[in-house]
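So the structure is just underneath, and the comments pick up after that.
The values are calculated or read from the model by the stated rules, or taken from the named source; none is laboratory data. Note that the coordinates shown come from a computational prediction; the quantities given were computed from them, not determined experimentally. Quick reminder, even Gly has a Cβ in these numbers, built from the backbone with ideal geometry, and neighbours come from all protein chains shown. To get the accessible areas, we keep the full protein, side chains included, count just its heavy atoms, and leave off ligands, DNA and RNA. Shrake-Rupley method; radii C 1.70, N 1.55, O 1.52, S 1.80 Å.
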Amino acid sequence: MDIRKEFLNFFKKKGHKIYPSSPLVPDDSTLLFTNAGMVQFKPIFTGEKPAPTPPRACSSQLCMRAGGKHNDLENVGYTNRHHTLFEMLGNFSFGDYFKEKAIEYAWEFVTEVLKLPKERLWITIHENDEEAGKIWQKFVPAERIVKMGDKDNFWQMGETGPCGPCSEIHYDQGADKFNGPEDYLGGEGDRFLEIWNLVFMEFNRDENGNLTPLPKPSIDTGMGLERITAIKEGVTSNYETSLFKPLIKGVEELTGRPYSSGVEGASHRVIADHIRAITHLTAQGVQFSNEGRGYVLRRILRRGVRHGYKLGLREPFLHKLVKIVVESMGTHYPYLKNEQTRVEEIVKAEEERFFETIDKGMKLFQEELKKVQGKKFSGAVAFKLYDTYGFPLDLTQDMLREVGKEVDIGEFNRLMEEQRNRARANWKGSGAQGWELKSQREISPNRFVGYTQLEVETEIEALFNENGEEVEELNGSGFVVLKETPFYAESGGQVGDTGTLYRKDEPVAKVVDTQKVGELNISKVEEAKGLKRGEKIKAVVDKLRRREIAKHHSATHLLHSALRKVLGEHISQAGSLVESNRLRFDFTHPKPLTPTQLEEVEGLINRIIAQGIKGEVVEMPLEEAKKMGAMALFGEKYGEIVRVVKFGDFSVELCGGTHTSNTAEIGNFYITKESGVSAGVRRIEGVAGLSAYRYGKKYRDEVEQLKKEWKAKDLGQLLESQREEIKKLRKQIRELEERSVTDLQPVEKGGVKYIIHRLDGVNLREIAGKLKPKIGEKGVIFLAGENNGKVQLVALSTTPQISAGELIRKVAPIVEGKGGGKPDFAQGGGKNPGKIGELLQKVKEIFSLS
C-alpha cells in the first residue's frame with residue numbers, strides 16, 4: 001500500500017487541497033530546518049496571512065530533526081524510530097472544521113483505509129479536554145481513552161501565540177514483543193507507539209500566560225510516514241520497512257557485512273538514514289560548510305562516513321547510495337531525479353575531503369582512548385580532532401558513547417573560546433577583502449549617514465597603514481575610519497562605496513573600497529596626502545556609481561519577488577552580489593529555468609519598473625515587519641528594529657542596502673545568464689540602469705552590423721537561407737561519404753581482408769559500419785581522420801585473432817591520444833592530427849601491409 005498516496009487522496013475527497021512538501025530550508029529565520037508539517041502554514045495560523053480557499057489542507061512534508069531545538073541525531077541508528085529526515089503526513093483546518101471532524105477523519109483513515117485493528121488503538125487526551133473525550137467515546141471504549149497533562153498533551157507554537165490541547169492515537173504493538181519497565185502508555189518504551197497527533201488550536205497565550213479562546217479555532221495534525229508504514233507492514237522497526245530495505249541492502253552490498261536488527265546493525269541504520277537526509281538537503285541547495293545548515297549537513301555526512309569506516313570501508317561510498325534514494329523517493333520528489341548526478345558529485349567530493357584525514361584522526365582517537373582511566377576523554381584531543389582532522393564534536397561524542405566514555409566538555413569549550421579570542425584579536429574584517437587591522441585602543445563605532453547624505457563634513461577617527469597598523473598620519477595607501485561616514489560598507493551582497501576625501505575643496509585621498517570590520521565602517525584609500533587623525537575633512541561618495549548600485553540592488557529585490565511569483569514560494573535567497581554594472585542572485589530551485597520562465601520573470605520585472613512604483617524605506621519592530629510579509633533571510637541576525645524596503649505590494653524585504661526611490665529609476669532590466677551553482681541552487685545574472693542600456697545597444701549594434709555585412713534587411717530571412725545552405729552541404733557530405741564507401745576496397749593478406757584509410761570531417765563509425773560487408777567474416781577496418789582539429793579513430797574486426805580494442809590502445813598514443821573498446825569494435829581520439837599519417841603507417845606495419 002502506498003500510504004502517502006492513500007492519505008492525500010483520502011483528504012482530497014474530504015475537501016482538502018493537497019500542498020506539496022515545502023523546502024527543508026524554511027522561509028522563517030527562527031528555524032534551522034522545516035521540522036513539522038505546519039511550518040509552511042505558520043503565517044496562516046498566526047494570522048499574518050488570510051486563510052486560503054478552501055480553508056482545508058493536507059500534505060506529506062519532508063522534515064529534518066538534526067540541529068536546532070529538535071535534534072535526534074545522536075539517537076539515529078540506536079533506536080527503531082529516530083531519523084534525521086522523515087515525512088510527516090498532516091491535515092489542517094484554518095478556522096473551518098474542529099475537534100469532531102478531525103477525530104472522525106482520523107478514525108476513519110486508520111480503521112477503514114489502513115484497516116488497523118481497532119482493539120489495538122489507544123487514545124490520549126488533555127486532562128481538561130472533556131469535549132475531545134466525549135467525541136472519542138463514539139469510537140473507542142472509555143477504558144482506552146487516557147487523560148494526560150500539559151507535558152504530553154498540550155501544544156504551543158512558542159512562548160506566546162496560538163496553542164491548545166492535543167489528542168494522540170497510539171498503537172499497541174503487544175506485550176509479547178515489548179514488556180520492559182517503560183512499556184506503558186506514555187512511557188519511553190515501544191509497546192504503545194504514538195502514530196498520529198491531533199492538535200486543537202483553540203487558545204491564544206499572552207505574555208502573562210493567560211489563555212483566551214481564538215475566534216476561529218484550527219486543526220494541525222501530524223503522522224510519521226515511516227512509523228505508520230512499520231505498523232502497516234507488521235514490523236517493529238522503521239528500518240525493516242520497504243522505505244529503508246533497499247538502502248540497508250545497498251549498505252550490505254558495499255560493505256559485504258550482513259545486516260542485524262540488533263546493536264550490531266546500528267552502522268547500517270545510520271548510513272541508510274543519513275544518506276536520505278544528505279541527498280534531499282544537497283538536492284535542495286544546502287551546501288557543505290562550517291556554519292549553520294551547511295555544518296549540520298557536514299556533520300551528518302561525516303557521521304555516516306565514520307560508520308562506513310567502522311564497517312571496513314576506506315574510500316568514498318555514500319555517493320553510491322544516492323541512486324537508491326532517488327529510485328525509492330524520486331517519483332514523489334522529482335527534483336531528486338533532476339539533481340542526481342550533481343548530488344553524487346558533491347557528496348563524493350565532500351567524502352574525499354574527510355577520507356583524507358579520517359585515518360590519522362581515528363589513530364589519534366584510539367591512542368588517547370587507551371590512556372583514559374575513568375570516563376573522561378581529553379577535551380584537548382577532542383579539540384584537535386575537531387580543529388585538525390575535521391571531526392565534529394558530536395562525532396567524537398558518538399564514538400565515545402559506544403564505549404561508555406565522554407568528552408571533557410569544559411576543557412573542549414575553553415580551547416574553543418581561546419581560538420575565538422585569537423580570531424577576535426586579529427580583528428579581521430567581515431568584508432570580502434578580509435582586512436586585518438590592529439589597534440592598541442578601543443575605537444568607538446562610527447555612524448553611517450549615507451542613506452540620506454552623499455557628502456558630509458566629518459572627522460578622521462583613526463588611520464591605518466597598508467600593513468594594518470594604526471598611525472597618526474597617512475600618506476599613500478591605507479585605511480581610514482571616519483567619525484560619520486557616507487560610504488556604504490560592503491554587506492548584504494552590495495559592494496562598498498568609493499569616492500573622494502577633500503581638505504578645503506582639494507582632493508587629498510581616493511576612497512577605493514569600504515568594508516565592515518567589526519562594528520566599524522572602514523574605507524580603503526589611495527594617494528593619501530598627509531591625512532591626520534582628528535583632522536576635519538569632507539567625504540564625498542561617487543554619486544553616479546552609487547546610483548547605479550542602487551538600481552541593481554532594487555532590481556535584485558524585484559527579481560527575488562518575480563522568481564517567487566513565477567516559480568513558487570519555495571524560492572529563497574542563497575547569495576547575491578550587487579555592483580554598479582551588474583547583479584548576481586543565487587536562489588534555491590531544483591532545476592534550470594526554461595526559456596519561457598526566464599522570459600516571464602524578465603517581463604514581469606520590466607512591467608513593475610514601467611509602473612513607477614514608489615520605493616518606501618521604513619524602520620519598524622522585527623515582528624511587525626514579519627506580519628507585514630517582509631522576507632527575512634535565514635542566518636541573518638536582526639535587531640529588534642529592522643529596516644524594511646518596500647515597492648508596493650510586489651516586494652517587501654528586510655534590507656540594509658541602498659535603493660532607488662521609485663522602480664522607474666531602474667530604467668530597464670535584462671537577464672544575461674542563468675546557470676547552476678550547486679545541487680539545488682540556481683544563479684541569475686542581470687543588468688539594470690546604464691548597464692542595461694549598454695547591453696541592449698550592443699545587441700542592436702551587432703544586429704545592424706550583421707545586416708550590413710550580409711546585405712540583409714531581415715535577419716530572419718538571412719538565417720533561413722543559411723539553414724537551407726547548411727542542408728545542401730550536409731547532403732553533399734553524405735554523398736561524399738557514400739562515394740568513399742564505394743571507392744574503398746580491401747587489401748587481402750593471409751586470408752584476412754584489410755581496409756586502412758584516412759577520411760577527414762566525416763562520421764567514421766557510420767562509414768565503418770557500411771564498409772563491414774566488404775571484409776566479410778575475416779577482416780579488419782581501421783579508419784582515422786581529422787574532425788574539428790581533433791583526431792578521430794575507429795577500428796572494427798571480424799576475426800577473433802585481432803582485437804579492435806587492443807589495436808586502438810596500441811596506436812592511439814602516436815597522435816597523443818587514447819581509446820579502447822571491445823574486440824569487435826573500438827574507438828579513440830587524439831590531439832595531434834599531424835601524426836595521422838605516421839599512425840596509419842604503424843597500423844599497416846603491424847599487419848605487414850607496408
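For the stretch 218-236, give me each residue that is buried (at least 16 other Cβ atoms within 10 Å of the Cβ) and in a loop (DSSP other than H, G, I, E, B).
Within the stretch 218-236, VAL235, THR236 qualify.
Across the stretch 731-761, which residue is modelled with the highest pLDDT among those that are small (Gly, Ala, Ser) and open to solvent by less than 70 Å² (accessible area, probe 1.4 Å)?
Taking the stretch 731-761 first, the residues small (Gly, Ala, Ser) are 740, 750-751, 761.
Of the ones still in play, those that are also open to solvent by less than 70 Å² (accessible area, probe 1.4 Å) are 740, 751, 761.
Values: SER740: 66, GLY751: 91, GLY761: 81.
For the stretch 731-761, the residue satisfying everything is GLY751.
Do you know which residues across the stretch 370-399 are part of a loop (DSSP other than H, G, I, E, B), touching an Asp or Glu at 6+ places or on another chain (Cβ under 8 Å) and surrounded by 15 or more Cβ atoms within 10 Å (Cβ to Cβ)? Before the answer, list the steps.
Pass one, the stretch 370-399, residues part of a loop (DSSP other than H, G, I, E, B): 372-375, 378, 388-392.
Applying the additional criterion that residues be touching an Asp or Glu at 6+ places or on another chain (Cβ under 8 Å) yields 375, 378.
Selection gives SER378 alone.
Being buried (at least 18 other Cβ atoms within 10 Å of the Cβ) and without any contact (Cβ under 8 Å) to a residue 60 or more places away in the chain: is that true of ILE103 here?
On the way: buried (at least 18 other Cβ atoms within 10 Å of the Cβ): yes; without any contact (Cβ under 8 Å) to a residue 60 or more places away in the chain: no.
Taking the combined requirement at face value, the residue does not satisfy it.
Of everything in the stretch 592-618, what is part of a loop (DSSP other than H, G, I, E, B) and surrounded by fewer than 14 Cβ atoms within 10 Å (Cβ to Cβ)? Give them in sequence order.
Of all residues in the stretch 592-618, those part of a loop (DSSP other than H, G, I, E, B) come to 592-594, 612-613.
Hits for the stretch 592-618 are PRO592, THR594, GLY612.
Looking only at the stretch 460-480, count how many residues are open to solvent by 30 Å² or more (accessible area, probe 1.4 Å) and under 11 Å from TRP435 (Cα atoms).
2
What's the number of the condition ASN662 fails, among (1) over 29 Å from the mean Cα position of the chain (by Cα); (2) buried (at least 18 other Cβ atoms within 10 Å of the Cβ)?
So ASN662 meets the others, but not (2).
With the requirement that a residue be in contact with a strand residue (DSSP E or B) (Cβ under 9 Å, 6 or more places away or on another chain) and surrounded by 20 or more Cβ atoms within 10 Å (Cβ to Cβ), what does the stretch 400-421 give you?
Across the stretch 400-421, the qualifying residue is only VAL407.
Only one of (1) part of a helix (DSSP H, G or I); (2) open to solvent by 50 Å² or more (accessible area, probe 1.4 Å); (3) within 24 Å of VAL296 (Cα to Cα) fails for GLU367. Which number is that?
For GLU367, the exception is condition (3).
Being touching a strand residue (DSSP E or B) at 6+ places or on another chain (Cβ under 8 Å) and at pLDDT below 95: is that true of GLU202 here?
Values: touching a strand residue (DSSP E or B) at 6+ places or on another chain (Cβ under 8 Å): yes; at pLDDT below 95: yes.
Answer is yes for this residue.
I'd like the full set of residues that are assigned to a strand (DSSP E or B), open to solvent by 70 Å² or more (accessible area, probe 1.4 Å) and touching a residue at least 60 places away in the same chain (Cβ under 8 Å), limited to the stretch 525-539.
LYS532, LYS536
What are the residues in the stretch 710-750 that are within 30 Å of SER850 (Cβ to Cβ), assigned to a loop (DSSP other than H, G, I, E, B) and hydrophobic (A, V, I, L, M, F, W, C), if any? Full working, then the answer.
Of all residues in the stretch 710-750, those within 30 Å of SER850 (Cβ to Cβ) come to 736-750.
Those still in the list that are assigned to a loop (DSSP other than H, G, I, E, B) too: 744-746, 750.
LEU744, the sole residue that qualifies.
Which of the residues belonging to the stretch 720-730 are modelled with pLDDT of 85 or more and open to solvent by 100 Å² or more (accessible area, probe 1.4 Å)? Before the answer, list the steps.
Taking the stretch 720-730 and keeping what is modelled with pLDDT of 85 or more, we get 720-729.
The answer is ARG723, LYS727, LYS728.
Among (1) part of a loop (DSSP other than H, G, I, E, B); (2) open to solvent by 50 Å² or more (accessible area, probe 1.4 Å), there is one condition SER580 misses while meeting the rest; what is its number?
(2)
Condition first: closer than 27 Å to GLU579 by Cβ, of a type in the set (Lys, Arg) and more than 38 Å from the chain's Cα centre (by Cα). Now tell me which residues in the stretch 505-535 satisfy that. Working first, answer last.
Going through the stretch 505-535, the residues closer than 27 Å to GLU579 by Cβ turn out to be 507-528.
If we keep only those that are of a type in the set (Lys, Arg) as well, we get 510, 516, 524.
The one that is closer than 27 Å to GLU579 by Cβ, of a type in the set (Lys, Arg) and more than 38 Å from the chain's Cα centre (by Cα): LYS510.
Residue check: is LEU73 crowded, with 21+ Cβ neighbours inside 10 Å, in contact with a helix residue (DSSP H, G or I) (Cβ under 6 Å, 6 or more places away or on another chain) and in contact (Cβ under 8 Å) with a residue 24 or more places away in the chain?
Details: crowded, with 21+ Cβ neighbours inside 10 Å: yes; in contact with a helix residue (DSSP H, G or I) (Cβ under 6 Å, 6 or more places away or on another chain): no; in contact (Cβ under 8 Å) with a residue 24 or more places away in the chain: yes.
Criteria not met by LEU73.
Considering only the stretch 540-552, how many residues are open to solvent by less than 20 Å² (accessible area, probe 1.4 Å) and within 11 Å of SER580 (Cα to Cα)?
Residues meeting the conditions: 5.
Quick check: anything in the stretch 674-693 surrounded by fewer than 15 Cβ atoms within 10 Å (Cβ to Cβ), among the aromatic types (Phe, Trp, Tyr) and assigned to a helix (DSSP H, G or I)?
Yes, because at least one residue in the stretch 674-693 is surrounded by fewer than 15 Cβ atoms within 10 Å (Cβ to Cβ), among the aromatic types (Phe, Trp, Tyr) and assigned to a helix (DSSP H, G or I).
Matching residues to (1) assigned to a loop (DSSP other than H, G, I, E, B); (2) surrounded by fewer than 16 Cβ atoms within 10 Å (Cβ to Cβ); (3) in contact (Cβ under 8 Å) with a residue 40 or more places away in the chain:
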| position | (1), (2), (3) |
| --- | --- |
| LEU8 | no, no, yes |
| GLY15 | yes, yes, yes |
| PRO23 | yes, no, yes |
| ASN35 | yes, no, no |
| ALA51 | yes, no, yes |
